[in-house]
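Participant: I'd like to ask you about the structure that follows.
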Amino acid sequence: MRILVCISNVPDTTTKIKFTDSDSKLDDANIQWVINPWDELALSRAVELKEDAGSPVSEVEVITVGLAHTEPTLRKCLAIGADKAVRIDMEPLDAYQTAAQLDAYIKNEDFGFLVCGIESGDYNEAAVGGMLAERLDFVSVSSVSSIRFEGDTPIFQRDVANGKEELKVNGTAVLIVQKGFARVPKIPNMRGIMTARSKPLQIIKAVSKSPLVEFKTYNTPPARESVKMVDNSKELVERLSQEAKVI
Amino acid sequence: MSILVYIRNIGGKIKKQSLELTSYANAMSQSTGIPVVGVVIGEIENSVLSELGKYGMSKVLKAGDAQFNNRVNRVYTRIVEQAALKLDAKYVLFPDNNQGKAIAPRLSVRLRAGFVPQVLDLPSSYEPLVVVKRAFTGKALATVEVKTERKIMSPMLNSFGLSESPAEIVIEDFTPDIDEPQSRLEIVDKKLDNDAVSLADAEIVVSGGRGLKSAENFNLLEKLSDTLGGAVACSRPVADDGWRPADEHVGQTGKVIAPNIYFAIGISGAIQHVAGVSGSKCIVAINADPEAPIFDVADYGMVGDALTIVPELNEAFKNHLSEK
Ligand SMILES: Cc1cc2nc3c(=O)[nH]c(=O)nc-3n(C[C@H](O)[C@H](O)[C@H](O)COP(=O)(O)OP(=O)(O)OC[C@H]3O[C@@H](n4cnc5c(N)ncnc54)[C@H](O)[C@@H]3O)c2cc1C
Ligand SMILES: Nc1ncnc2c1ncn2[C@@H]1O[C@H](COP(=O)(O)O)[C@@H](O)[C@H]1O
């Protein structure tokens, strides 16, 4: 079974964010790019499944929609253990456009299931996975926290409002994952880094598709008011109730 | 034309988030003159739904057939789509939670309607529709314009509060035309705990870090959380060390939550932790170190030993709640 992990290339959480061109664009001069943390966990689990002799997963592929600056991120995915990377050559303007590009590639391929992270660390849309599933008319399973196999059939566990459910999907599913799917990201080892150089990284032309929303400007959020220190528990309760009115 | 609100049915009940979302829709209605309507899926009593009238909703379509009780994202999307077309929805609003995240993007594709999640405020303009959303894990705000005729938004909960505006409400049975209700998804096992408040939905979250010193000490947080009807969360090292289950970990690589009150107890406030909780309405930090970075993002702070403060705080809340 081949599985596909969708990878978003994002600024590291600790990087300071600045904007240029009248605040309409991210200033990418000093950005440290990383694999979106949720996607990194998804990939780590996918590679573990492949390495587990008892699971039917035989091949892990990663894909990103992005320009050439995303390639180091894809190489890192290969070093972690993906077998093949695909880059669709465009800078997506919204989640809809991203999903359309992914759809154009995936619809001609055969995957056991697809995995997306819950949200990307840049636009924070939590949208690409659902949009992709609808375009492909696949089942989407969100809040997936783990996966196991009965023979060749994957059993997915998802978090629901008041507990957990296990389910099977007839056909291909798009999994939308968060923490729990893998506990910690897999760190590439030396061998992984060496072999990553010779693994395939395929570049595909984008299809033409307009975005539905336009990101016009960015600004930094207003500074939070500075913290109000309180001396004892009674005072804290009173202020939460009377001043902040949250209890 | 209408502003359609997705009302989340939790086993026959609705939560405050639906009332809040209705209040938000009603504020949009006051600027645009377009009425607020709702759609709800699965079995639920009309008397429960009539509460929505208090917040300005004039009509609810209820797809109340028991076959729809289990959420199948693909099917729920088609039900909301049919409701949106029937009521000619110009705006469709979802809560920014797991259900909204699961259905809204699918609906966006079906209706070819631009979708803006994590909306932080009322629109600053309606023609064209311009809203501000969260971006870069809370480190920036993005101003976004929606280009399509129909528009979908998920406002962040807890940002708006409730505002009453009584309206006459009509509840209409709705029979959507669905070809394969249970479709391709089969539930093989369920572990439900109907009393537990899920972390994603909790209005109050009591969260602990390494400063709690041991797994056992988390029972102090559980007691406080029980008093407040909240849920317990933790920092990543706490989950990694097995003091708490992995699904309680919040932050960049854990859950992203936005409760009304977030208690960060014995948590240093690393940027990766804050990325998961910065949407909270009020952050309360309790830490032994007055220089801990958590105080830079907290609204209220107390310096001291969590192991003595938390039990005192629990008593203080108990007294407060019994006086109410
Ligand atoms: C890529 C990456 C992703 C990450 N993702 C996450 C994430 O999603 N979530 C997350 O939480 N972390 C994440 N981390 C880890 C993060 O950087 C911090 O290491 C972690 O949040 C620290 O946890 P902590 O605050 O519980 O522990 P510590 O940093 O050890 O802090 C303990 C705090 O408790 C205080 N304390 C000690 N004793 C007491 C006492 N008796 N009473 C009160 N206070 C006391 C101390 O002053 C200190 O501030 C990530 C790190 C990386 C590199
Ligand atoms: N440019 C992209 N290329 C490939 N996958 C993406 C891209 N952007 C987002 N995704 C996937 O969609 C998930 C959700 O992203 P978003 O909807 O942008 O919050 C991410 O965790 C990725 O798995």
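The numbers here are math on the coordinates, done by the rules we state, and not lab data. Please read all numbers here as calculations on a predicted model, not as lab measurements. Positions of Cβ are generated from backbone atoms using ideal geometry, with glycine treated the same way; all protein chains shown enter the neighbour counts.
Participant: Please compute P(r) over all alpha-carbon pairs of region B:40-106, binned at 5 Å starting from zero, and give each bin as a whole-number percent.
Facilitator: 3, 15, 24, 27, 24, 7, 0
Participant: Over 21 Å between Cα atoms: which of B:LYS13/B:LYS133; A:LYS50/A:LYS84; B:LYS59/B:LYS90 fall into that group?
Facilitator: B:LYS13/B:LYS133
Participant: Rounded to whole Å, give me the distance from the Cα center of region B:81-123 to that of region B:199-264.
Facilitator: 30 Å
Participant: How high is the FRET efficiency from A:LEU67 to B:SER322, r the C-beta distance, R0 56 Å, rounded to 0.05?
Facilitator: 0.40
Participant: Also, I was wondering about something else. Calculate the radius of gyration of the Cα atoms of the protein assembly as shown to one decimal place, then report Dmax, the largest Cα-Cα distance, as a whole number, both in Å.
Facilitator: Expressed in Å, the Cα Rg and Dmax of the protein assembly as shown come to 23.1, 70.
Participant: If R₀ is 25 angstrom, what is the calculated FRET efficiency for the pair B:GLN30 and B:GLU172, using the beta carbon separation as r and rounding to 0.05?
Facilitator: Calculated transfer efficiency: 0.60.
Participant: Can you tell me the dipole magnitude for region A:1-138 around its Cα centre, using point charges on the Cβ only (Lys, Arg +1; Asp, Glu -1), in Debye to the nearest 20?
Facilitator: 240 debye
Participant: Turning to a different aspect of this structure: Which percentage, to the nearest 5, of the DSSP beta bridges contained in the protein assembly as shown is antiparallel?
Facilitator: Percent antiparallel among DSSP bridges in the protein assembly as shown is about 35.
Participant: Sorting check: for B:86-96, A:21-31, A:103-113, B:206-216, which peptide has the highest mean count of neighbouring beta carbons within 10 Å, and how do the rest follow?
Facilitator: B:86-96, B:206-216, A:103-113, A:21-31
Participant: So, in nm, how far is label A:SER198 from label A:ARG148 when the simple model puts each one 7 Å beyond its Cα toward the Cβ?
Facilitator: In this crude spin-label approximation the distance works out to 3.9 nm.
Participant: Same structure again: Among DSSP beta bridges lying fully in region A:1-129, give the percent that are antiparallel, nearest 5.
Facilitator: Expressed as a percentage, antiparallel bridges in region A:1-129 total about 30.
Participant: Also, I was wondering about something else. Kirkwood Rh and Cα-based Rg: tell me the resulting Rg over Rh for chain A, rounded to two decimals.
Facilitator: 1.04
Participant: For the residue pair A:ASP83 and B:GLU127, what label-to-label distance in nm results when each label sits 7 Å from Cα along the Cα-to-beta-carbon direction?
Facilitator: 5.6 nm
Participant: Further question on the same structure: What size of dipole, in debye to the nearest 20, comes out for chain B about its Cα centre when the only charges are +1 on Lys and Arg C-beta atoms and -1 on Asp and Glu C-beta atoms?
Facilitator: It works out to roughly 940 debye.
Participant: Among B:SER163, B:SER50, B:SER31, which one shows the biggest mean-square fluctuation in a GNM of chain B, springs joining Cα atoms closer than 10 Å?
Facilitator: Looking only at B:SER163, B:SER50, B:SER31, the biggest GNM fluctuation is shown by B:SER31.
Participant: Right, next: What is the list of residues in region A:203-236 whose amide nitrogen lies under 15 Å from a point 7 angstrom out from the Cα of A:LEU93, following Cα to Cβ?
Facilitator: Backbone N within reach: A:207-217.
Participant: Of B:VAL188, B:LEU157, A:SER198, which is farthest on the positive side of the dipole of the protein assembly as shown, counting Cα position, with +1 on Lys and Arg Cβ, -1 on Asp and Glu Cβ, and the Cα centre as origin?
Facilitator: A:SER198
Participant: What share of the DSSP beta bridges in chain A is antiparallel, in percent to the nearest 5?
Facilitator: 35 percent
Participant: With a cut-off of 8 Å between alpha carbons and a minimum separation of six or more residues, what is the relative contact order of chain A in percent?
Facilitator: After rounding, I find 24 percent.
Participant: Please arrange B:PHE218, B:PHE160 by how many other C-beta atoms lie within 10 Å of their C-beta, fewest to most.
Facilitator: The most exposed by this proxy come first: B:PHE160, B:PHE218.
Participant: Taking θ as phi - 60°, what are the ³J(HN,Hα) couplings along region A:215-232 by the Karplus curve (6.51, -1.76, 1.60), each to the nearest whole Hz, with x for Gly and Pro?
Facilitator: Per residue, the Karplus-derived 3J(HN,Hα) values read 7, 8, 9, 10, 8, 7, x, x, 4, 5, 4, 5, 5, 9, 8, 10, 9, 9 Hz.
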